[in-house]
Amino acid sequence: MSSGLANVDLVEILFTLFWVFFVALVYYLQREMKREGYPLVNDRSDRIKVQGFPPIPSPKTYYLDDGRTFQAPREEAPETHVSAEPAAAHPGAPLNPVGDPLKASLGTGAWARRSEVPEKTLDGKPRIVPMRTDSSLKIDAGDVDPRGMTVVAADGEAVGKVDDLWIDLAEPQPYYVEVALNAGGKAMVPFGFTEIDKSAGLIRVNVIYSHQFAGVPQLASPDQITPREEDQVSGYFGAGLLFADDKRAEPLF
């Protein structure tokens, strides 16, 4: 007389349990990723909310290290700072910028309403700071120190000189170049949009033209930058990739 366990296929049971776990994990992760940005807005009607499958999870409260709380998902007002209009009357038509395309928050220049509080490192310091505020920050001897270099725009015009570098202390790496403009004032340029020409002693910013530097979004504090300001500054230069010149928005051929 054989035992009942002899007819149990443990491999099949383990395989089935693995797939049940895997499907449950994918379902959980798909729901969690919808804590921000959902439901989507439908351009056919304000009453149509798109959430897809699986549905949006129930709200969860997050406790931040500075004592603030953050809830997601949450009710959010529409992004009213987007300045654009549909290129055609049918649903799904592409949007064209209205007014200054570099500030329309459209396409490569899109930005969102993020926090107005500077991000902090684990030890409570502002995460992104200018070098002048931290004497421990140094440029490696093998790297080029761009401070003092002339900044040249896409039209070849000199717009100012590099006044300082802003460093991300969490990485650490340079995030922004602070430019003292010849016309007065300062402009923050994301480091990724710069090209250092060591032989000529220049920094080239080819995404925007000289007259457009005057419109670079300004910071509320000279030594701090908030996530919203980061988005706006990066969005301005990102928009330059497509909208700084009318020809950039047209097909190559």
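Listing for the model above:
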| read-out | value |
| --- | --- |
| Kirkwood hydrodynamic radius (C-alpha pairs) into Stokes-Einstein, the chain, 25 °C and 0.890 mPa s, D in µm²/s | 110 µm²/s |
| Lys247 paired with Val117, simple spin-label distance in nm, labels 7 Å along Cα-to-beta-carbon | 4.8 nm |
| Highest-first arrangement of 17-29, 137-149, 153-165, where packing means the average Cβ count within 10 Å | 153-165, 137-149, 17-29 |
| Where labels lie 7 Å past Cα in the beta-carbon direction, separation of Gln218 and Glu79 in nm | 2.5 nm |
| Cα-centred dipole magnitude for region 1-74, charges only on beta-carbon of K, R (+1) and D, E (-1), debye, nearest 20 | 440 debye |
| Helix 227-243 vs. the chain, principal-axis angle (Cα, 0 to 90°, nearest 10) | 70 degrees |
| Separation of alpha-carbon centers, region 29-55 and region 87-157, rounded to whole Å | 28 Å |
| Asp168/Thr69 FRET efficiency (R0 35 Å; Cβ-Cβ; nearest 0.05) | 0.85 |
| Rounded to 5, the percent of DSSP beta bridges in the chain classed as antiparallel | 90 percent |
| Cβ-based charge dipole, the chain, positive-most Cα from Ile208, Asn42, Thr108 | Asn42 |
| Counting DSSP beta bridges with both ends in region 117-249, the antiparallel % (nearest 5) | 90 percent |
| Per-residue HN-Hα couplings for region 159-175 [Karplus 6.51, -1.76, 1.60; θ = phi - 60°; Hz; x = Gly/Pro] | 10, x, 10, 5, 8, 6, 10, 9, 10, 8, 5, 7, 8, x, 6, x, 10 |
| Cα gyration tensor category, rounded, prolate or oblate, for region 117-249 with a/c compared to 1.5 | oblate |
| Amide H within-cut-off set for Asp197, under 5 Å, with H built and near neighbours excluded | Leu202, Ile203, Arg204 |
| Ranked packing of 178-185, 58-65, 121-128, most packed first, by mean Cβ within 10 Å | 178-185, 121-128, 58-65 |
| Pair Glu32, Arg44: separation of 7 Å Cα→Cβ label points (nm) | 3.4 nm |
| Helix 10-32 vs. the chain, principal-axis angle (Cα, 0 to 90°, nearest 10) | 40 degrees |
| Listed pairs Lys138/Lys161; Lys103/Lys247; Lys161/Lys198; Lys125/Lys161; Lys60/Lys125 exceeding 21 Å between Cα atoms | Lys125/Lys161; Lys60/Lys125 |
| Choice from Met33, Met188, Met131 with maximal GNM fluctuation in the chain (Cα, 10 Å cutoff) | Met33 |
| Residues Ser210, Ser115, Ser199 arranged by fewest to most Cβ contacts within 10 Å | Ser199, Ser115, Ser210 |
| Estimated dipole of region 117-249 in Debye, rounded to 20 [Cβ of Lys and Arg +1, of Asp and Glu -1, Cα centre] | 120 debye |
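We did not get these values from a lab; they are worked out from the coordinates using the rules stated. Please read these numbers as outputs of a predicted model, since none were measured by experiment. Reconstructed Cβ throughout: ideal geometry from the backbone, glycine too, with neighbour counts over all protein chains shown.
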